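Below: one structure, written as structure tokens.
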Protein chains: 2
Amino acid sequence: MNGTSSPTQTQVDHHTAEMMKKTAVLVDGVVLNGPIIDSEAGERFVEEAYRIIMEDAVKKATDVKEKVCEWQPPEELKKLIDLELRDRGETHQRLLQLCQNAIRYSVKTSHPRFFNQLYAGMDHYSLVARFITEALNPSIYTYEVSPVFLLVEEAVIKKMIEFIGWEGGDGIFSPGGSISNMYALNLARYKFYPEIKERGLYGGPRLVMFTSEECHYSMRKAASFLGIGTDNIYFVKADDRGKMIPEELEKEIQRAKQEGATPFLVCATAGTTVLGAFDPLDKIADVCEKYGLWLHVDASWGGSALMSRKHRKLLYGIQRADSVAWNPHKMLMAGIQCCALLIKDTSNLLQRCHSAKASYLFQQDKFYDVKYDTGDKSVQCSRRADAFKFWLTWKAIGTAGLEERVNRALALSRYLVGEIKKREGFQLLMEPEYSNICFWYIPPSLRKMEEGPEFWEKLHQVAPVIKERMMKKGSMMVGYQPHRGKVNFFRQIIISPQVSREDMDFALDEIDLLGKDL
Amino acid sequence: MNGTSSPTQTQVDHHTAEMMKKTAVLVDGVVLNGPIIDSEAGERFVEEAYRIIMEDAVKKATDVKEKVCEWQPPEELKKLIDLELRDRGETHQRLLQLCQNAIRYSVKTSHPRFFNQLYAGMDHYSLVARFITEALNPSIYTYEVSPVFLLVEEAVIKKMIEFIGWEGGDGIFSPGGSISNMYALNLARYKFYPEIKERGLYGGPRLVMFTSEECHYSMRKAASFLGIGTDNIYFVKADDRGKMIPEELEKEIQRAKQEGATPFLVCATAGTTVLGAFDPLDKIADVCEKYGLWLHVDASWGGSALMSRKHRKLLYGIQRADSVAWNPHKMLMAGIQCCALLIKDTSNLLQRCHSAKASYLFQQDKFYDVKYDTGDKSVQCSRRADAFKFWLTWKAIGTAGLEERVNRALALSRYLVGEIKKREGFQLLMEPEYSNICFWYIPPSLRKMEEGPEFWEKLHQVAPVIKERMMKKGSMMVGYQPHRGKVNFFRQIIISPQVSREDMDFALDEIDLLGKDL
């Protein structure tokens, strides 16, 4: 191994040091000649670390024969990864060990047995794009510093808008679906009351928004953060399947109006977090039209079904939305984060609503067309080149390849449902619409018990124990939660094209193996 | 070159295909056996792309003999990078070309002649950490999916709090200083009116905040986004140097009170964007104490001076702040984005203010101590592991190395100031406090003109033309802007330890060369 000593910044080779002394310029006791970083040693370190990353964080991390996680309790792990930040730097050898340990004890979210979150899998094209942007370290606000990535963002947004079915529109990539949802709220209220930008909510009407009780928790966060308040979210009843009931929406709107409040926005969900339910967008759009409300669709999770001719009907009516949040980092594996907020408006609403016209950044006397300096549409200043990774994957596998991934994930989840139905001790909560498969595992000791309070109380304790066991073993990861009066159940998410039928069978076998003594 | 054809997802080698047919499980016409991604081909692609990234985006990008940018106007560039997303994927060979072009036409922000923004330079340790997190693709909300990165975030926050000088505190990494500032506003108003979380601003008092006229434009964005409104930012006069005048702050607070408004927060700036000015924190803290206001310090840019025993006096009084925004991705080169919002409170305010208690993510019946599931402190759901890259750099070069970088950047900027003073045709706007060096270049044709309206009008046009010429030549990048009644001037930012005295001399020579005919 090369570079066993760290190239501390004062190190330069002897010859250079001699030369420098002769012409040295000193200010405040600091020698100003030449760089103080040994780039060659730095590049050697990158090369050495890259080999470890490829082996441990790419190849092994996706190898079904390896563990999905190497569990350590927090207090143990603190010792194992040597967190302390010291006065002096470490050697390259030591740093490589630290990197190895960081990888070792991290969860392998790209592993075929990782079913725990709404993201999973390894897309090599997206990974390359991410390496490129990390190396180039761009910030996406002006064409002068980010020419390629701003054009790529524009192209990706245009294409995503096509898939929504709008004739035109606008959009921006944001750091997460939660922030995208905030954008939608802010745009909607600005559209109705542009003076809000200057005056704020003080002295204005009581703004009320509507979303289903199955919406993502970011709606609560957004309402609080934007000064609307969670009391002014009117939660609309969902049916047993988790879909917003349009008639109930209308009732809530009428209730708000009777109270003298001012409805301004409905947020429908396309792909709820727990059940994977799709609100009936077309009917909700009818209600929004009737009452003149902004329709936002939180399709952070379900939006990717638009790529599939077979499954896009789940989002029928989305073309009537005013705004859509859609995260390609979930089902389409673009890497965290890759989240678009798309809007139908073509009157430069994003810019008008969010601009602050910083004169040091958005000079109007530049030598190129400053309409490409789109950063003032954002509530951020520095912003990452998130569209690029999705763009490269799309280039690599085409629309057809993205479609195939969605179709395959949904076909696999149908297979899993079939197996759950066949197996003793497994009970499906409901037929899925998307790739969230929700089920209970009922251990043998509970199978003959009557489904009364004691049964549910005992069943509630099963999933957490199985989860603990699978993590300590490192064999798989799947989430569980209680939901709407139902005791803890597993929610298995299927995304990755690295996953196969064999992994579905394994997941059920493993849960049975880990839980049959409970 | 290997892998000239793309491993479209339906490709598998012949033998495997034969085997699969025999035991194939079909659902909805999709074969579910085995993965549909050819991981080996994918890994080969990563290897091939990595070589290009190392050569073009790391080595060449930091080589002073190469161009800092390869300018193309938007319409030309669109053709050169083939933006279109098609139905079918491209070959690996073609994808590698696309990657090469994306790198070629991107600005090299790590180049020693990039002085354009508040970030610059190449830190190889941070880069390695970023490659690791991209490969692992974590999301930072629960210990179960991000054990290492959550602990690292905790350790880094603790250490940053030490440098601020608090005895304890809390914090979170956010996607940008703008978002950090929003956090501060939301925390401050929640602290005084916890019911805001539920009730919103409707029917409440008129909240007023104070910041200097030199503050970052994100304060306007934050006030609008959070429903406070830009009219309720009372901008406090700054002195000629760009520093908030504490007496003027007090006047503004009294004015707001006389109007019956409710002051709640003062945002001081430590390192303003254009002039690099530091507000007098200690005196501002006195005023905040007197009126019981939350003191937030936007030290996104200047916070890194805390690493230097020599320069930390610029932030004297920061230990009295209630919250601090500090971006290690700027002066400390951690890579975009790496932004901490730090708060002095130890009563779990972040959690109380932002939590939504999603039961599918923050289950309370987990088998480990759920206090490590810190994601509910955030307004995001998915969140990147931004602390890790700063942690690895800190490990690599130690506090001493970080200090050396700050000292060196400031020493270099003092050298540049000296040279500006010596040279004919260069005029410094003011002595710098930090590494923002603001100056005019006065071409020979204007040097004998009287400093009247015509002179200023002509001088205003000089910087944009020189900027255009340097970009088209690709020799360097430095920003310009008009500011507070002053016509366009250059603002050169010095950060990178790859930069040396020679680059300072070059910058001035080059501006003269490009502008002497104007």
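The values are calculated or read from the model by the stated rules, or taken from the named source; none is laboratory data. Note that the structure is a prediction, hence the values are computed from the model and not measured. Here the Cβ positions follow ideal geometry from the backbone for every residue, glycine too, while neighbour counts run over all protein chains shown. Areas reflect the complete protein model, heavy atoms only, side chains present, ligands, DNA and RNA absent. Shrake-Rupley method; radii C 1.70, N 1.55, O 1.52, S 1.80 Å.
If you go through the stretch A:449-506, how many residues are among the aliphatic types (A, V, I, L, M) and either assigned to a helix (DSSP H, G or I) or surrounded by fewer than 16 Cβ atoms within 10 Å (Cβ to Cβ) (or both)? Can you show your working first?
First pass over the stretch A:449-506, keeping only residues among the aliphatic types (A, V, I, L, M): A:449, A:459, A:462-463, A:465-466, A:470-471, A:476-478, A:487, A:493-495, A:499, A:504.
Restricting the remaining residues to those that are either assigned to a helix (DSSP H, G or I) or surrounded by fewer than 16 Cβ atoms within 10 Å (Cβ to Cβ) (or both) gives A:449, A:459, A:462-463, A:465-466, A:470-471, A:504.
The qualifying residues number 9.
Of the residues making up the stretch A:51-68, those that are buried (at least 19 other Cβ atoms within 10 Å of the Cβ) and within 8 Å of another protein chain (Cβ to nearest Cβ) are A:Ile53, A:Ala57, A:Val58, A:Ala61, A:Thr62. All conditions in (1) out of contact with any Pro (no Cβ under 6 Å at 6 or more places or on another chain); (2) within 8 Å of chain A (Cβ to nearest Cβ); (3) within 16 Å of B:Leu416 (Cβ to Cβ); (4) polar (S, T, N, Q) hold for B:Gln481, with the sole exception of (3). When residues in the stretch A:427-445 are screened for being in a strand (DSSP E or B), farther than 21 Å from A:Arg312 by Cα, open to solvent by less than 10 Å² (accessible area, probe 1.4 Å) and not aromatic (Phe, Trp, Tyr), 1 of them pass. Summed over the stretch B:384-399, the residues that are among the basic types (Lys, Arg) and within 7 Å of chain A (Cβ to nearest Cβ) give a count of 2. Scanning the stretch B:171-218 for residues that are part of a helix (DSSP H, G or I), facing another protein chain (nearest Cβ under 9 Å) and polar (S, T, N, Q) yields B:Ser178, B:Asn186, B:Ser218.
In summary, B:Val406 fulfils each of the numbered conditions (1) more than 8 Å from every other protein chain (Cβ to nearest Cβ); (2) free of Cβ contacts under 8 Å to residues at least 12 places away in the same chain with the single exception of condition (2). Selection of the stretch A:475-502 for residues being in contact with a Phe, Trp or Tyr (Cβ under 9 Å, 6 or more places away or on another chain) and over 24 Å from A:Ala277 (Cα atoms) yields A:Ser475, A:Met476.
Among B:Lys257, B:Lys243, B:Lys221, which is among the basic types (Lys, Arg), within 14 Å of another protein chain (Cβ to nearest Cβ) and either over 30 Å from B:Ala400 (Cα atoms) or in contact with a Ser or Thr (Cβ under 9 Å, 6 or more places away or on another chain) (or both)?
Working: B:Lys257 fails: within 14 Å of another protein chain (Cβ to nearest Cβ); B:Lys243 fails: within 14 Å of another protein chain (Cβ to nearest Cβ).
Within the list B:Lys257, B:Lys243, B:Lys221, the selection yields B:Lys221.
Summed over the stretch A:13-50, residues that are open to solvent by 80 Å² or more (accessible area, probe 1.4 Å) and either under 29 Å from B:Lys389 (Cβ atoms) or modelled with pLDDT of 75 or more (or both) total 5. Of the residues screened, A:Tyr234 is not one that is open to solvent by 30 Å² or more (accessible area, probe 1.4 Å) and within 14 Å of chain B (Cβ to nearest Cβ). Candidates in the stretch B:378-426 are the residues that are outside any helix (DSSP H, G or I) and charged (D, E, K, R); of these, the one that is farthest from B:Leu306 (Cα to Cα) is B:Glu424. Condition check for B:Glu454 on (1) over 30 Å from B:Arg312 (Cβ atoms); (2) touching a Gly at 6+ places or on another chain (Cβ under 8 Å): one failure, at (2).
So for the stretch A:127-140 (the condition being open to solvent by 10 Å² or more (accessible area, probe 1.4 Å), facing chain B (nearest Cβ under 8 Å) and among the acidic types (Asp, Glu)), does at least one residue qualify? No: zero hits. Within the stretch A:338-369, the only residue that satisfies the criterion of being open to solvent by 10 Å² or more (accessible area, probe 1.4 Å) and among the β-branched types (Val, Ile, Thr) is A:Thr346.
In contact (Cβ under 8 Å) with a residue 60 or more places away in the chain, over 18 Å from A:Asp63 (Cα atoms), open to solvent by 10 Å² or more (accessible area, probe 1.4 Å) and not hydrophobic (A, V, I, L, M, F, W, C): does that describe A:Glu153? Break it down into steps so the answer makes sense when it comes.
On the way: in contact (Cβ under 8 Å) with a residue 60 or more places away in the chain: yes; over 18 Å from A:Asp63 (Cα atoms): yes; open to solvent by 10 Å² or more (accessible area, probe 1.4 Å): yes; not hydrophobic (A, V, I, L, M, F, W, C): yes.
The answer is yes for A:Glu153.
Would you confirm whether or not the stretch B:467-478 contains a residue that is closer than 21 Å to B:Arg241 by Cβ and acidic (Asp, Glu)? No, because not a single residue in the stretch B:467-478 is closer than 21 Å to B:Arg241 by Cβ and acidic (Asp, Glu). Looking only at the stretch A:322-337, decide whether some residue is at the interface with another protein chain (Cβ under 10 Å from one of its Cβ atoms), buried (at least 24 other Cβ atoms within 10 Å of the Cβ) and charged (D, E, K, R). The answer is yes, given that some residue of the stretch A:322-337 is at the interface with another protein chain (Cβ under 10 Å from one of its Cβ atoms), buried (at least 24 other Cβ atoms within 10 Å of the Cβ) and charged (D, E, K, R).
Which one is farthest from the other protein chains (Cβ to nearest Cβ) among residues in the stretch A:359-377 that are part of a helix (DSSP H, G or I) and among the hydroxyl-bearing types (Ser, Thr, Tyr)? Break it down into steps so the answer makes sense when it comes.
Taking the stretch A:359-377 and keeping what is part of a helix (DSSP H, G or I), we get A:370-372, A:374-377.
This time we only want the ones that are among the hydroxyl-bearing types (Ser, Thr, Tyr), so: A:372, A:374.
Numbers: A:Tyr372: 5, A:Thr374: 11 Å.
Of everything passing the filter in the stretch A:359-377, A:Thr374 is farthest from the other protein chains (Cβ to nearest Cβ).
Number of residues in the stretch A:240-273 that are open to solvent by less than 10 Å² (accessible area, probe 1.4 Å), in contact with a Phe, Trp or Tyr (Cβ under 8 Å, 6 or more places away or on another chain) and either in a strand (DSSP E or B) or closer than 25 Å to A:Lys486 by Cβ (or both) equals 9. For the stretch A:143-157, a residue qualifies if it is more than 9 Å from chain B (Cβ to nearest Cβ) and either touching a Phe, Trp or Tyr at 6+ places or on another chain (Cβ under 6 Å) or more than 19 Å from A:Ala270 (Cβ to Cβ) (or both), and exactly one does: A:Glu153.
Reported count of residues in the stretch A:219-239, each being assigned to a helix (DSSP H, G or I), under 22 Å from A:Ser300 (Cα atoms) and in contact with a strand residue (DSSP E or B) (Cβ under 8 Å, 6 or more places away or on another chain), is 3. Among the residues making up the stretch B:88-126, none is of a type in the set (A, V, I, L, M, F, W, C), open to solvent by 10 Å² or more (accessible area, probe 1.4 Å) and without any contact (Cβ under 8 Å) to a residue 60 or more places away in the chain. So which residues in the stretch A:69-81 are within 9 Å of another protein chain (Cβ to nearest Cβ) and open to solvent by 80 Å² or more (accessible area, probe 1.4 Å), if there are any at all? The one that is within 9 Å of another protein chain (Cβ to nearest Cβ) and open to solvent by 80 Å² or more (accessible area, probe 1.4 Å): A:Glu75. Considering each residue of the stretch A:104-126, count those that are within 8 Å of another protein chain (Cβ to nearest Cβ), more than 12 Å from A:Val58 (Cα to Cα) and out of contact with any strand residue (DSSP E or B) (no Cβ under 9 Å at 6 or more places or on another chain), and give that number. Of the residues in that region, 4 qualify.
Quick one: count up the residues across the stretch B:480-503 that are under 21 Å from B:Glu66 (Cβ atoms) and either in contact (Cβ under 8 Å) with a residue 12 or more places away in the chain or not charged (D, E, K, R) (or both). If you could, list the steps in order and put the result at the bottom.
First pass over the stretch B:480-503, keeping only residues under 21 Å from B:Glu66 (Cβ atoms): B:492-503.
Filter once more, keeping what is either in contact (Cβ under 8 Å) with a residue 12 or more places away in the chain or not charged (D, E, K, R) (or both): B:492-501, B:503.
The total comes to 11.
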